[in-house]
Amino acid sequence: MDDIKKAIYLEALRITKRDNDNFICINLVLALQNILNLNDTYVIESNQVKKIIKEFFPEFYILFDNKCWYKNGKSEKYDARNWWWEPEWNEPRIRILNYILNHTQ
């Protein structure tokens, strides 16, 4: 993983720890905007998020198992456009970012 991508993942981790109400894909896009200083000049439409995630963060996207997981251990089949974990459940979001930061070259 190069330094810029690592900085983006670290920024996404910081945002995720701070905000309980964002989806991790949104946090990755916000981190991308922050690190590349695109906040005031480039607006990402919500329908572009999946494409951006697949293109810029493939190591994250391939981990999606087509399910939304809940704190009670249950899951249901979901499309990648929706959340991967129960809303406001940050622990798995933080774990996946830490996993990528520590296990991706």
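The values are calculated or read from the model by the stated rules, or taken from the named source; none is laboratory data. Note that this is a predicted model, so its numbers are computed, not measured. A quick note on method: Cβ atoms are made from the backbone with ideal geometry, for glycine too, and the neighbour counts reach across all protein chains shown.
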Looking at the range 49-60, is at least one residue modelled with pLDDT of 85 or more, of a type outside the set (S, T, Y) and not in a helix (DSSP H, G or I)? yes
Criterion (assigned to a helix (DSSP H, G or I), surrounded by 12 or more Cβ atoms within 10 Å (Cβ to Cβ), touching a Phe, Trp or Tyr at 6+ places or on another chain (Cβ under 8 Å) and at pLDDT 90 or above) met by exactly one of L32, L10: L32
Output yes when any residue across the range 69-79 is surrounded by 12 or more Cβ atoms within 10 Å (Cβ to Cβ), basic (K, R) and either more than 21 Å from E55 (Cβ to Cβ) or in contact with a strand residue (DSSP E or B) (Cβ under 6 Å, 6 or more places away or on another chain) (or both), and no when none is. no
Scan the range 63-96 residue by residue and report those that are within 15 Å of the chain's Cα centre (by Cα), in a loop (DSSP other than H, G, I, E, B) and modelled with pLDDT of 90 or more. none
Considering only the range 1-28, state which residues are over 21 Å from W89 (Cβ atoms) and either of a type in the set (D, E, K, R) or in contact with a Pro (Cβ under 6 Å, 6 or more places away or on another chain) (or both). D2, D3, K5, K6
